[in-house]
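Trainee: Handing you this structure, nothing more for now.
The values are calculated or read from the model by the stated rules, or taken from the named source; none is laboratory data. In this text the structure is predicted, and so the values were computed from the model without any measurement. Here Cβ is always computed from backbone atoms with ideal geometry, including for glycine, and neighbour counts include all displayed protein chains.
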């Protein structure tokens with residue numbers, strides 16, 4: 001795949017800094033490792049980081065120009081949150097409800113591997129890189145830089161491996177020197193929309209086969225869910241339940 005990746009901010013216009021930690025330096029860690037791992041898997045990845053912009057708008061403009069200079073299938077941006085020292089967890093920002101299931105999946109996988117709270121997907125069509133890039137973009141807010149608990153769990157390998165597994169279905173945990181054989185199979189189920197009155201039954205079915213999923217509420221009041229990657233045994237068990245219900249679904 002053709003992939004764009006960059007870390008947010010730069011040394012001239014820093015992002016969130018706290019206790020000697022600097023967002024753009026943490027972003028260099030995650031962005032650099034992510035690119036290294038994806039290239040080892042055979043993907044074409046460009047680093048669209050901007051180091052010369054002297055205002056936030058200039059940085060974003062330079063990033064977007066770099067990104068849109070060529071076709072891309074998907075893009076990722078690496079950031080850290082900051083608030084009051086108490087807020088914590090990981091979240092993934094995206095443009096619209098179309099990208100939200102994948103953003104939620106990425107957030108959940110990072111949370112599972114790092115021990116951070118899963119804050120899920122957040123729609124941010126107002127952000128320049130997300131709004132103006134020529135491909136779907138996922139902005140990873142990798143923990144709160146001003147929360148000591150989050151930073152104690154900072155793990156570049158876990159964070160980057162989680163994103164690669166959630167989106168590409170490929171396992172790279174252990175660093176880019178130990179890259180697993182690529183797999184195109186993710187074993188993820190996304191259902192069609194169904195009545196909210198069926199949610200409890202669906203949750204019980206997921207629990208019975210030890211699967212986890214994120215539920216989404218549509219504007220028309222109907223709901224659907226997207227599961228996390230799972231084993232063949234669990235996948236087939238859940239497919240059996242959905243087939244018995246007569247519900248539409250797809251496996252990714």
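Trainee: Looking at residue 235, is it closer than 20 Å to residue 108 by Cβ, out of contact with any helix residue (DSSP H, G or I) (no Cβ under 7 Å at 6 or more places or on another chain), outside the structural domain of residue 105 (by the TED database) and in a helix (DSSP H, G or I)?
Mentor: On the way: closer than 20 Å to residue 108 by Cβ: yes; out of contact with any helix residue (DSSP H, G or I) (no Cβ under 7 Å at 6 or more places or on another chain): yes; outside the structural domain of residue 105 (by the TED database): yes; in a helix (DSSP H, G or I): yes.
For residue 235, the condition - closer than 20 Å to residue 108 by Cβ, out of contact with any helix residue (DSSP H, G or I) (no Cβ under 7 Å at 6 or more places or on another chain), outside the structural domain of residue 105 (by the TED database) and in a helix (DSSP H, G or I) - is met.
Trainee: Residues in the range 76-86 that are farther than 20 Å from residue 35 by Cα and in contact with a helix residue (DSSP H, G or I) (Cβ under 9 Å, 6 or more places away or on another chain): how many?
Mentor: Initial filter on the range 76-86 (farther than 20 Å from residue 35 by Cα): 81-86.
Next, only the ones that are in contact with a helix residue (DSSP H, G or I) (Cβ under 9 Å, 6 or more places away or on another chain) stay: 81-82, 85.
Looking only at that region, the number is 3.
Trainee: Would you call residue 169 on the phi > 0 side of the Ramachandran plot and either at pLDDT 90 or above or under 22 Å from the mean Cα position of the chain (by Cα) (or both)?
Mentor: Yes, satisfied.
Trainee: Looking at (1) assigned to a strand (DSSP E or B); (2) crowded, with 24+ Cβ neighbours inside 10 Å; (3) on the phi < 0 side of the Ramachandran plot, find the lone condition where residue 139 falls short.
Mentor: (2)
Trainee: For residue 190, all conditions in the list (1) closer than 30 Å to residue 41 by Cα; (2) in a loop (DSSP other than H, G, I, E, B); (3) at pLDDT 90 or above hold save one; what is the number of the exception?
Mentor: Residue 190 satisfies all of (1) closer than 30 Å to residue 41 by Cα; (2) in a loop (DSSP other than H, G, I, E, B); (3) at pLDDT 90 or above except (2).
Trainee: Name the residues in the range 12-49 that are within 23 Å of the chain's Cα centre (by Cα) and in a strand (DSSP E or B), would you?
Mentor: Of everything in the range 12-49, those that are within 23 Å of the chain's Cα centre (by Cα) and in a strand (DSSP E or B) turn out to be 17, 21, 22, 44, 45, 46, 47.
Trainee: Residues that are in contact (Cβ under 8 Å) with a residue 12 or more places away in the chain, in a helix (DSSP H, G or I), more than 18 Å from the chain's Cα centre (by Cα) and under 24 Å from residue 29 (Cβ atoms): does the range 77-93 have at least one?
Mentor: Filtering the range 77-93 down to residues in contact (Cβ under 8 Å) with a residue 12 or more places away in the chain leaves 77-93.
Still in the running and in a helix (DSSP H, G or I): none.
Among the residues of the range 77-93, not one is in contact (Cβ under 8 Å) with a residue 12 or more places away in the chain, in a helix (DSSP H, G or I), more than 18 Å from the chain's Cα centre (by Cα) and under 24 Å from residue 29 (Cβ atoms), which makes the answer no.
Trainee: Here's a follow-up. Look through 107, 132 and report the one residue that is farther than 17 Å from residue 23 by Cβ, assigned by the TED database to the domain that holds residue 74, over 18 Å from the mean Cα position of the chain (by Cα) and at pLDDT 95 or above.
Mentor: Values: 107 fails: over 18 Å from the mean Cα position of the chain (by Cα).
Just one listed residue meets the conditions, 132.
Trainee: Moving on to the next point. What about residue 150, is it in contact with a strand residue (DSSP E or B) (Cβ under 7 Å, 6 or more places away or on another chain), part of a loop (DSSP other than H, G, I, E, B), at pLDDT 95 or above and surrounded by 15 or more Cβ atoms within 10 Å (Cβ to Cβ)?
Mentor: Criteria not met by residue 150.
Trainee: Of all residues in the range 50-75, which are assigned to a loop (DSSP other than H, G, I, E, B) and in contact (Cβ under 8 Å) with a residue 40 or more places away in the chain? Show your work before the answer.
Mentor: Of the residues in the range 50-75, the ones assigned to a loop (DSSP other than H, G, I, E, B) are 50-55, 68-73.
Those that are assigned to a loop (DSSP other than H, G, I, E, B) and in contact (Cβ under 8 Å) with a residue 40 or more places away in the chain: 50, 51, 52, 53, 54, 55, 68, 70, 71, 72, 73.
Trainee: Would you confirm whether any residue within the range 3-11 is surrounded by 17 or more Cβ atoms within 10 Å (Cβ to Cβ) and assigned to a helix (DSSP H, G or I)? Quick ask: steps written out before the conclusion?
Mentor: As a first pass, look at the range 3-11 and keep what is surrounded by 17 or more Cβ atoms within 10 Å (Cβ to Cβ): 3-10.
Filter once more, keeping what is assigned to a helix (DSSP H, G or I): none.
No; the residues of the range 3-11 include none that is surrounded by 17 or more Cβ atoms within 10 Å (Cβ to Cβ) and assigned to a helix (DSSP H, G or I).
Trainee: Moving on to the next point. Looking at residue 20, is it out of contact with any strand residue (DSSP E or B) (no Cβ under 6 Å at 6 or more places or on another chain), at pLDDT 95 or above, on the phi > 0 side of the Ramachandran plot and surrounded by fewer than 17 Cβ atoms within 10 Å (Cβ to Cβ)?
Mentor: No, not satisfied.
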